[in-house]
Amino acid sequence: MQIYDSVQKTKLPFEPIHKGKASIYVCGPTVYDDAHLGHARSALAFDLLTRTLKVLGYTVTLAKNFTDIDDKIIKKVQQSGKSMEEITSFYIARYLEEMDALGVQRADIEPKATESLHAIEAMIQTLLDKDFAYRISNGDVYFDTSKDSAYGTISHQVGQDDENQSRVAHTEEKRNPKDFALWKACKNEEEICFETAFSAGRPGWHIECSAMIEKHFSGTENYSIDIHGGGADLLFPHHENEAAQSRCATGHELAKYWMHNGFVQIDGEKMSKSLGNSFFLKDALALYDGEVLRYYLNSVHYRNDFNFSEQELQVAKKRLDKLYRLKKRVSPGTPSQVNSVFKKALLDAMGDDLNISIALATIDEMVAATNEALDSSPQNKALKKEALANIAFIDALLGFGGKEPFSYFQIGVDEALKMKIQTMLNERSEAKKAKDFARSDAIRDELTHLGISIMDTAEGTLWEKV
């Protein structure tokens, strides 16, 4: 397995810190609003990574956090009148439901900031004791970037002036412009705060991930985890600051490899709430099936920026349709063994830093070759069983192709039409039992006029939208 390391800016062989095991931490959402396509892109990228490592034989432990303490959450509490727990629980549940729709496998560990306060406090106290952090007069605690000689080695952006370096207002008591908040003290009684030895307040953004990693993973004297992932926008300052505070608190590096997925653009413009074009995932799922979205959002290499276009989504769906038409052609049946050449080609592609383009091209070639072989030998049961095994392997590795094919081709049919179709099929069945074949044929013609194709099987009459 080769992966691209964002720090060294090159592909490196994956050599885990514990043989046969892979530990991955991915930065999850701040749960004050609905998930958008950027969240989906990141989740899908690291779902592909996790699936690939598992198929390659690694025991994978994946953690994805929920930031449930944040200024934006507190603002929503003040605006809505709801409790912080009500708001965050709602958006966590919505996020997980939408990830399920996309076929994203649940993380093994899903820590929340509110459940990690003791670990956060302990790490901050360690940094204070080691003189890597300092407390100012109002109770805020800052990390002293000048004390970390390796600061900037993750993002290589240490010399740049970035206003987002800290999520707190500037104070003259900061020793260095790049210093960032580990702890934000309460400014008034109306704020949501938690008691610690250094002040009542809440954690800074960066410290929670470092504390969660130390709490849930047992690393080595050199690294805490194998892979740290997230969106490219997190490389600086978030991941730079995580690495610095972890390095200084533990004496070793946070992660052996750093991986980052590209941005999402909508019709060529970078997705941003400030631009008003933040496409919520719930809106996309209301229009398109989750598996179709998964296929489309994964069709571009994870490190590249993704331009969301409805026209290109339709093109991607037609490509996925071909796989399901093959599955329908070879169903029903029992899978045999995956074709070894096909399996190796897919794993070689995904083992090369998740080269999805080659993987999808390999699938297209398998579909075309299988259809051609079946044209010559329609009753080739061995080939049909192998095709089913190939498709099952695709589902395990890439997360699509697992639906029953007729169900897949019912995607987009509303419930009212489904009920109408089922009523017509029931009527047709009764007509056939009564040997009223004229009525049976007439119903078939009506369904054809509605764009519905039917097939009589031993399991009953199946239908699809054509």
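The values are calculated or read from the model by the stated rules, or taken from the named source; none is laboratory data. What you see is a predicted model; the values in this text were computed from it and never measured. Positions of Cβ are backbone-derived with ideal geometry, glycine not excepted, and every protein chain shown enters the neighbour counts.
Of the numbered criteria (1) over 17 Å from I213 (Cβ atoms); (2) at pLDDT 95 or above, the one T50 fails is (1). Which ones in the stretch 75-131 are under 22 Å from N241 (Cα atoms) and either in a loop (DSSP other than H, G, I, E, B) or among the polar types (S, T, N, Q) (or both)? Within the stretch 75-131, E110, P111, T114, S116, Q125, T126, K130, D131 meet the criteria. Within the stretch 296-320, being within 18 Å of E365 (Cα to Cα) and without any contact (Cβ under 8 Å) to a residue 12 or more places away in the chain holds for V315, K318. Of all the residues in the stretch 423-461, those that are part of a loop (DSSP other than H, G, I, E, B) and free of Cβ contacts under 8 Å to residues at least 40 places away in the same chain number 6. The numbered conditions (1) of a type in the set (S, T, N, Q); (2) in contact with a Phe, Trp or Tyr (Cβ under 6 Å, 6 or more places away or on another chain); (3) farther than 30 Å from V338 by Cβ are all true for S429 except (2). Comparison of S309, S299 shows that the only residue that is polar (S, T, N, Q) and modelled with pLDDT under 95 is S309. For the stretch 334-389, the set of residues classified as surrounded by 13 or more Cβ atoms within 10 Å (Cβ to Cβ), without any contact (Cβ under 8 Å) to a residue 24 or more places away in the chain and not in a helix (DSSP H, G or I) consists of N380 only. Output the residue which, of all residues in the stretch 82-110 that are of a type in the set (G, A, S) and in contact (Cβ under 8 Å) with a residue 24 or more places away in the chain, is surrounded by the fewest Cβ atoms within 10 Å (Cβ to Cβ). Ranking the qualifying residues of the stretch 82-110, first place goes to A101. For the stretch 297-333, which residues satisfy the criterion of being touching a strand residue (DSSP E or B) at 6+ places or on another chain (Cβ under 9 Å), assigned to a helix (DSSP H, G or I) and closer than 30 Å to F280 by Cβ? The answer is L297, and nothing else.
One residue stands out among those in the stretch 111-158 that are closer than 16 Å to S199 by Cα and hydroxyl-bearing (S, T, Y): the one that is surrounded by the most Cβ atoms within 10 Å (Cβ to Cβ), which is Y142. Of everything in the stretch 29-46, what is farther than 22 Å from E269 by Cα and either hydrophobic (A, V, I, L, M, F, W, C) or crowded, with 24+ Cβ neighbours inside 10 Å (or both)? Give them in sequence order. Listed by number, the residues that qualify are V31, F46. You will find that of V7, V26, the residue that is touching a residue at least 24 places away in the same chain (Cβ under 8 Å) and more than 21 Å from M350 (Cβ to Cβ) is V7 and no other.
Against the definition (within 17 Å of M350 (Cα to Cα) and buried (at least 21 other Cβ atoms within 10 Å of the Cβ)), how does L49 come out, yes or no?
Values: within 17 Å of M350 (Cα to Cα): yes; buried (at least 21 other Cβ atoms within 10 Å of the Cβ): yes.
In short, yes.
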